[in-house]
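Working notes, structure below.
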Ligand code: BGC
């Protein structure tokens with residue numbers, strides 16, 4: 001630290017201001033006379049996009065040849081922290097070899113709507129899953145002494161008008177979902193850098209929000225790296241600097257550097273604010289430079305193997321129904337006659353468009369990779385970028401399907417549909433593909449659909465098609481992974497990190513996704529993804545956490561280390577999983593928490609634990625998962641704090657959010673919601689629900705008046721059921737000040753104030 005302070009001290013004001021923006025598109029500035037080198041940042045997240053010439057941030061121009069891993073949507077489906085770590089490590093090695101100090105990823109915005117154009121780059125609709133996987137990726141990458149840049153902080157859940165839109169979101173949804181994904185990643189992963197997003201949140205640009213960039217990110221979560229803007233996300237440079245925006249990328253041609261210099265000279269900002277930003281940037285530069293591995297090289301073939309393993313774990317077997325004879329269509333038998341239909345069999349879609357676009361090293365395709373497994377006949381079926389059916393192609397495909405033992409249709413979204421910078425406006429596959437799938441399955445009941453897409457699609461044919469494999473955008477080893485899974489060399493083990501709704505209109509954000517002009521209301525609040533579908537008990541196409549394989553798992557023997565807990569005590573959950581099939585496989589058991597009889601509006605269940613367990617045939621293993629206070633908490637806007645309701649909680653262990661296998665109950669004995677404060681408009685019902693408050697209230701009225709307005713709710717007995725309920729509701733919802741009308745002439749505002757003080761005093765004594 002002394003060395004950094006010393007360097008900052010020696011820098012001129014101009015040099016310091018200069019340090020706070022790039023020297024070009026990808027490089028930070030250096031200061032030669034002081035031995036500060038210029039280092040490079042490059043995209044991510046699912047491969048290294050190092051551009052040497054003709055730089056751009058939308059993936060338009062080529063970058064160096066690098067290994068393309070599955071995009072985040074697929075990686076998340078692995079539910080496997082180890083895999084994310086390994087991917088991070090591998091990318092770190094490529095960065096070292098290519099002299100890249102900071103890789104711009106992972107991207108961890110919550111998938112609010114399936115329509116967001118960048119969903120393929122994001123991990124999940126669930127913040128716990130997203131933050132856990134992100135922390136592992138960060139850990140892996142940074143173990144190679146290369147910095148992560150967690151992006152896009154925050155509430156960047158659509159591409160439309162991303163540079164001007166304001167996301168109007170409640171504090172609770174912000175805390176429980178949109179910030180939570182970053183919170184866990186920052187607290188556990190300790191990223192060297194965080195990238196702020198383009199958009200505004202509740203009216204204010206994130207890039208100049210002191211609350212988000214400093215109060216929350218640094219002071220609450222302990223982030224100690226540098227904060228970089230998304231490329232050209234800087235609005236007003238000086239405001240941004242004061243708020244906690246250290247580095248503006250790319251360069252501003254010196255214009256914004258001059259603004260900083262002037263602001264310091266005019267005394268508008270303290271030089272210390274600038275010094276602090278520079279110190280943060282220098283710390284990261286030297287963290288990289290001091291650990292630079294000059295001899296680093298990377299073996300593309302080896303890394304391709306990692307990408308293949310990742311692809312195998314990222315694909316999700318959505319459906320594999322028993323056929324008429326009781327057997328299952330997948331895995332396909334070797335030696336059969338198969339029709340492979342669709343150009344994606346030859347030219348798969350394996351990554352999305354925009355800044356994450358990789359110049360992939362070696363892309364494999366299913367047609368070639370499956371060649372040794374049977375007699376395969378190819379039919380194009382449809383034109384990848386078209387909506388309209390090509391009658392000739394369709395007829396050829398149907399013919400090929402008829403004359404084969406089974407048909408495998410390689411369907412998916414055209415490249416032009418999924419990309420950074422714009423959203424989808426529907427959730428459909430091109431019409432020609434839906435028509436083709438229907439036509440093929442009507443002549444060939446043994447039909448498998450293999451999908452290539454970065455975000456859910458509607459599947460109007462799902463009932464008729466017995467087997468569906470979701471490949472997501474699986475990276476360059478897509479073909480090998482598909483071959484291994486289709487023919488049973490490997491057992492599918494991915495689970496959906498997002499819900500697949502039946503239709504886009506079912507999605508809770510449907511009504512206001514995209515927004516009007518520059519405002520988008522997050523009207524669904526905390527009910528995003530399965531939090532909405534499961535609470536509403538809505539039918540979905542495939543639920544969160546769902547994924548099949550070629551073996552079965554039995555869940556058994558759920559135990560807790562305690563029956564009740566409070567405060568910071570943790571709960572240890574144990575259960576056993578057994579592979580009951582006759583082949584190896586991996587399962588991702590999920591732990592959800594459900595508050596029974598909550599008085600708070602809450603989702604039916606929330607994911608708070610998961611594990612990935614590999615088991616040989618017949619093998620059994622105990623899984624241990626620990627829940628902490630946060631696993632039970634909700635964010636109370638009034639108290640501005642995470643609070644825990646006392647009472648019973650159901651712990652649900654499942655193979656998906658809709659396939660709960662084990663249940664147990666644990667009791668939280670925490671005293672009332674912390675931070676509760678009584679005031680003149682606190683309702684009598686709220687007071688009565690807190691024993692200490694109720695006691696203080698009764699005592700005071702007895703002392704001062706000698707009686708209560710109603711003795712609890714008791715005095716309304718004797719009324720008819722409807723009247724009694726009404727009287728109770730009126731009493732319960734009456735604010736404390738209404739005692740003025742219950743005791744007309746006796747109770748005045750001064751009396752109410754004394755009563756409020758008594759109740760709060762009593763609560764304080766109890767705390
Ligand atoms: C994207 C970022 C990316 C940056 C640099 C921006 O358009 O939003 O994710 O890291 O460009 O390419």
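Things to note:
- Between residue 388 and residue 443, the FRET efficiency estimated from the beta carbon spacing at R0 = 22 angstrom works out to 0.55.
- The orientation-averaged projected area of the convex hull spanned by the Cα atoms of segment 543-592 comes to 4.7 nm².
- Whether segment 201-261 is rounded, prolate or oblate, judged on the alpha carbon gyration tensor where a/c under 1.5 counts as rounded: prolate
- Segment 419-436 versus segment 466-491: alpha-carbon centroid distance in Å: 21
- Summarising the label geometry, the points placed 7 Å from Cα in the beta-carbon direction at residue 65 and residue 24 lie 2.3 nm from one another.
- Restricting the calculation to Cα atoms, the chain shows an Rg/Rh of 1.02 when the hydrodynamic-style radius is the Kirkwood one.
- Adding -39500 (n - 2.57) for every DSSP H run of four residues or longer, then dividing by how many residues the chain holds, sets the calculated 222 nm ellipticity at -8500 deg cm²/dmol.
- Taking packing as the residue-averaged number of other Cβ atoms within 10 angstrom, the listed peptides 419-426, 18-25, 306-313 run from highest to lowest as 306-313, 18-25, 419-426.
- Between residue 705 and residue 56, the simple label model (points 7 Å from Cα in the Cβ direction) yields a spacing of 7.4 nm.
- Cα centroid separation - segment 562-597 against segment 333-403, whole Å: 40
- Per residue, the average separation of C-alpha pairs within less than 8 Å and at least 6 apart gives the chain a relative contact order of 13 percent.
- For the pair segment 135-210 and segment 116-133, the centres of their Cα atoms are 11 angstrom apart.
- DSSP bridge pairs, the chain: antiparallel proportion in percent, nearest 5: 55
- Near-label residues of segment 579-619 by backbone N, under 13 Å of a point 7 Å along Cα→Cβ of residue 82: 585-588, 611-616
- Full extension of the segment from residue 431 to residue 689, taken as 0.36 nm per residue of separation minus the current Cα-Cα distance, would add 87.2 nm.
- Counting beta carbons within 10 Å around each of 192, 634 and listing the fewest first gives the order 634, 192.
- Listed from fewest to most Cβ neighbours within 10 Å, the set 103, 548 follows the order 548, 103.
- For segment 357-388, no residue has its backbone nitrogen under 12 Å from a point 7 Å from the Cα of residue 464, taken along Cα to Cβ.
- Dimensions of segment 553-668 from C-alpha coordinates, computed as largest minus smallest value along each principal axis and given longest first, are 54, 25, 20 Å.
- In this simple spin-label approximation, residue 562 and residue 33 carry label points 7 Å from Cα along the Cα→Cβ vector, and these lie 6.2 nm apart.
- Shape call, segment 375-477: gyration tensor on alpha carbons, a/c limit 1.5: prolate
- Contour minus Cα-Cα distance for residue 221 and residue 659 (0.36 nm per residue): 154.2 nm
- Cα extents for segment 1-50 along the principal axes, largest to smallest and rounded to whole angstrom: 39, 22, 15.
- Order of 275, 230 - criterion: other Cβ atoms within 10 Å of each residue's Cβ, fewest first: 275, 230
- 20 Å cut-off, amide nitrogen to a point 7 angstrom out along residue 512 Cα→Cβ, residues in segment 111-134: 111-117
- For segment 237-319, the Kirkwood radius over C-alpha pairs fed into Stokes-Einstein at 4 °C and 1.567 mPa s yields D = 77 µm² per second.
- Remark: the residue 324-residue 143 segment gains 60.0 nm on full extension, using 0.36 nm per residue and subtracting the alpha carbon distance.
- Å³ per residue enclosed by the Cα convex hull of segment 2-289: 120
- Shape category assigned to segment 300-495 from the gyration tensor of Cα positions, a/c cut at 1.5: oblate
Coordinate-derived values only; no laboratory data. Keep in mind that what you see is a predicted model, and the values were worked out from it rather than measured. Don't worry about glycine lacking a Cβ; one is built from the backbone with ideal geometry, like all the others, and counts go over all protein chains shown.
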